[in-house]
Structure formats: structure tokens, C-alpha cells
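Have a look at the structure below before the remarks.
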Amino acid sequence: MNKTESNRLQKVEESSTLAMAALAREYRSKGVDVISLSLGEPDFKTPTHICDGAKEAIDSGNYFSYPPVAGYSDLREEISRKFIEENKLKYDPSQIIVSNGVKHSITNVMFSILNKGDEVIVFSPFWVSYSAIITLAEGVPIYINTSISNDFKPSEDQLKSAITKKTKAIIFSSPCNPTGTVFSREDLNKYRDILADYPDIVIISDEIYEHINFTNEHCSFGSLDGMSDRTITMNGFSKAFAMTGWRLGYIGAPKEIAKSINKMQGQTTSANCSIAQRAGYAALRAGNECAIEMKNSYLKRRDLVFDKLNKISKLKVNLPEGAFYFFPEIDNIIGKKDKKGVEIKSSNDLAMYLLEDAKISLVPGEDFGAPNCIRLSYAASESDLIEACKRMNRSIQKLN
Ligand code: PMP
Ligand code: GLU
């Protein structure tokens, strides 16, 4: 136990996505040939025209001072334009705040709107950091559990019964990390119809995987009838433009909430890195062609991995419609033993077994709210994916 750590921080665990990635790196540094499919991170380089935006900003000498708290005005104008043109979302530039990645945007939002004990409905499986951030902000995550059999989509009854007098907000991602589920306009309209009766609930729509969507539509919750004044839309550059290291995300928020978040950000980080913002500006100005190219490559890999995983008889797999993850169910593996007689009791045990035996790194389902699933990121080269699936199959078949 860490005696100096605050009670608040002790309530949350280390991020398991980052922890598994760190473990894979550690194994590799010792010379073990681990294929890491744990971190959800594009394996592409940031496109050149975006890097040029950053280089020009440095060379100009004009971007070395503190930027405005919410981000440069031309960047916020560009985001506002993107929201209108691509998502039918009307956020004035004053309602947009640029932050240090969407993880930071979520932190800003939760700390700005939650009081102790406020409930936040979370569609589960969920991205690991949602629950941790809500908990750190002294809110209470209320999970709506779903499974592969319903494509990881909550029913209307589930949503209705999760709402209480303490519900402050609801958060979900579409396309979803970790399931790859895309919520269609029809799905979202069903939720909208329920939420229309609860005008005080804020909807937090995490759309960071917007451009990695294999269906023919990305629907933004805030564009649905009556939802624009109560939806916070999150988006960022990490996934669409392969810019995870630049740490650049943004939100569009209702006016009052945007003001609070501005206050929060001004007192904590001052603003986001000036040079990263110029790169983001270059990305938006140039359009989505590079994002579409990367998406097409993910689609090819999705189909490849789907075919391979389907052949591993003990896994139950669905076809994800977006993001770059598979989240197979592992019920048929739990309770099996390895050749030393050690039982696989959990997804965590399976992840450790696969790391040791198959030398592949995945993320256990526990921290995504689904202990009977395991996450595999297919943002890796085709040859690594083929080899990883082969090793995974071999190791799983050895279990008895
Ligand atoms: N939301 C979801 C659903 C994610 O998977 C991630 C992972 N990167 C984030 C937010 C945060 O992304 P970033 O901080 O890199 O913008
Ligand atoms: N979002 C990615 C993931 O889920 C990156 C790691 C993280 O930020 O948690 O793996």
C-alpha cells in the first residue's frame, strides 16, 4: 500500500491498457519476441502534411507563448466548421475547448459537472478510463451491462431502469472501444426518445473513432432532435490522424458547461501545447483523405482477423463495425487448465497465459466491465496479426 497516495486515487487502478502495453515493452526489452496487440494506437505515422503544420509553426517563431485557454481561435473555428459540415452539430467556437487528448477532455468534463455522489450511466463494456475518471471526480458510475449476443447495445428498458434522481450524465463511445459496436441513428433515436423525458441529464458522446467506421453512417448524438443543447461531443486527433503522441482532443459543449470547463482547464493546464494545436489545424484544413485511407487498411485487417479468430473454436467472436478492436467472449476457456495444471480463472489469467505462452499481449476484459471477454487491437501489421492469431490459437488449443 502506498501511504502517500490520496484516498481518492486509491479508489482507482492503474490503466490496464497502458499497463499491458508497458509489460509487452518490458518483455521486448529483455529480448522476448512479444507481439503487442494491447494498446489501442494506430500503427501509422502521422501524415506528413500534419507534421509540416507543426514544423512551420516552430519555424515561424509565432507559437512559443501560452495559447488561449480554450485553444487558438482559428483552430476552434475549424472545429466548429467540421462539426457543422460533417456532423450536423452546431457549436459556436466559444463552445469548443481543445485539450490534451480526449482523456483530458473527459477529465475536464467530469470534474466540471459532477458533485460527490452524482451518478453517471456508462454503457458497459466501456473504455477503461471512464470509470476511473468518474470515480476520481467523486461521481458514481452506473453500468448498463450488455453482451456479444445483443451486439453490446443496451436495450431501452435497461436505459430506463438505470436512470435515477441522481443521474447527472450518460457516457458512451460510438464506434465503441472496446467492442467495435457502432450505434446507428435508429439505436440512438431510441435512447433519445427516453432521454427527452429527462432534460437535466447531460449526454457525453465520445466520437473519437468517428473516422474508423465501416458502416455507411456516423451519427452524432447531439444532432438528434432536441439534443444539441445538452450533448457534449468529444472528438480528437489520436485515432483518425494517427496522432496519439501529440495529445490533442476537443469537445463541443453547451455554453454553460463550456464556461466551466474553460475555468477548470485554465486552473490546471492553462491550455494545450501550441505546436500540437498547429498540427491539428493543418489536419483539419487538409481534410479526411488520409483518415479514409487508414480506415480502409483497418477494414482489411478486421476481415483478416475475423476470419482467423472465428477458427479458434473456444472463442465467440462478433464482427465489429468500427474502431480497431475485437472483444471476443472467452466463457469456453474459463475453467480450463494449462499443461502445468494451472487453471485459467479469469480474463486476466488468460491475458497473462497468452503473454507467457504465446508471446502476445492483449488486454483483459475486467477493466472494461466484461470479465468474460478479452480485447485485441488489430492496429498492427498484417504479418503480426497473422502470426499473433496463429500463436493464440495454438496456446488456446493447449488448454484442457
Ligand atoms: N475515448 C476512447 C473511447 C478511447 O479509446 C481513447 C483512447 N485513446 C480516448 C478516449 C482517449 O484518447 P486521447 O486521449 O488519445 O485523445
Ligand atoms: N485508448 C487506447 C486504448 O484503449 C489507448 C490507451 C489509453 O489511452 O488507455 O488502448
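Things worth noting here:
- Applying the criteria of a DSSP loop state and at most 14 other Cβ atoms within 10 Å to the chymotrypsin sites (Phe, Trp or Tyr not before Pro) of the stretch 1-79 yields Phe64.
- Whole-angstrom gap from the stretch 313-344 to the stretch 258-289, using each part's C-alpha centre: 39
- Dividing the summed helix terms, -39500 (n - 2.57) for each DSSP H run of n ≥ 4, by the number of residues in the chain produces a 222 nm estimate of -12000 deg cm²/dmol to the nearest 500.
- Alpha-carbon centroid distance for the pair the stretch 348-400 / the stretch 17-68, whole angstrom: 23
- Average projection, convex hull of the Cα set of the stretch 109-230: 7.1 square nanometres.
- Three semi-axes of the equivalent ellipsoid, the stretch 207-302, Cα gyration tensor, whole Å, largest first: 26, 20, 10
- Based on alpha-carbon atoms, the Kirkwood radius and the radius of gyration of the chain give Rg/Rh equal to 0.96.
- Stokes-Einstein diffusion of the stretch 138-187 at 25 °C, 0.890 mPa s viscosity, Kirkwood radius from Cα pairs, rounded to a whole number: 202 µm²/s.
- Listed by Cβ neighbour count within 10 Å, with the fewest neighbours leading, Asp59, Asp384 appear as Asp59, Asp384.
- Here the 3J(HN,Hα) profile of the stretch 111-123, calculated from phi with Karplus coefficients 6.51, -1.76 and 1.60 at θ = phi - 60°, is 6, 8, 10, 8, 9, 3, x, 5, 9, 10, 6, 10, 5 Hz, Gly and Pro shown as x.
- Net length gained if the chain between Arg25 and Lys300 were fully extended (0.36 nm per residue, minus Cα distance): 96.4 nm
- By the Stokes-Einstein formula, at 1.567 mPa s and 4 °C, the stretch 10-154 with its Kirkwood radius over alpha-carbon pairs has D equal to 68 µm²/s.
- Put simply, the amide H of Val202, placed in the peptide plane, has neighbours under 5 Å in Ala169, Ile170, leaving out anything fewer than 5 places away on its chain.
- Percent of beta bridges antiparallel (DSSP, the chain, rounded to nearest 5): 45
- Sparse packing (at most 14 other Cβ atoms within 10 Å of the Cβ) combined with a DSSP loop state is found for the following trypsin sites (Lys or Arg not before Pro) in the stretch 120-186: Lys165, Lys166.
- Rounded to the nearest 10 degrees, the inclination of helix 48-60 to the longest alpha-carbon principal axis of the chain is 50 degrees.
- In the stretch 199-245, GluC sites (Glu not before Pro) in a DSSP loop with at most 12 other beta-carbon atoms within 10 Å: Glu217
- For the stretch 182-256, the spread of Cα coordinates along the three principal axes comes to 40, 32, 12 Å, biggest extent given first.
- Counting 0.36 nm for each residue step from Asp52 to Val32 and taking away their Cα separation leaves a gain of 3.6 nm.
- For the chain, the longest principal axis of the Cα atoms and the long axis of helix 185-195 meet at an angle of about 70 degrees.
- Cα centroid of the stretch 231-257 to Cα centroid of the stretch 80-99, whole Å: 10
- Cα pair distances exceeding 28 angstrom across the stretch 264-400, given as percent: 35
- When the alpha carbon coordinates of the stretch 84-148 are projected onto the principal axes, the ranges are 34, 32, 19 Å, largest first.
Here, each number is a calculation from the coordinates, and none is a lab measurement. Computed from a predicted structure; not experimentally measured. Quick reminder, even Gly has a Cβ in these numbers, built from the backbone with ideal geometry, and neighbours come from all protein chains shown.
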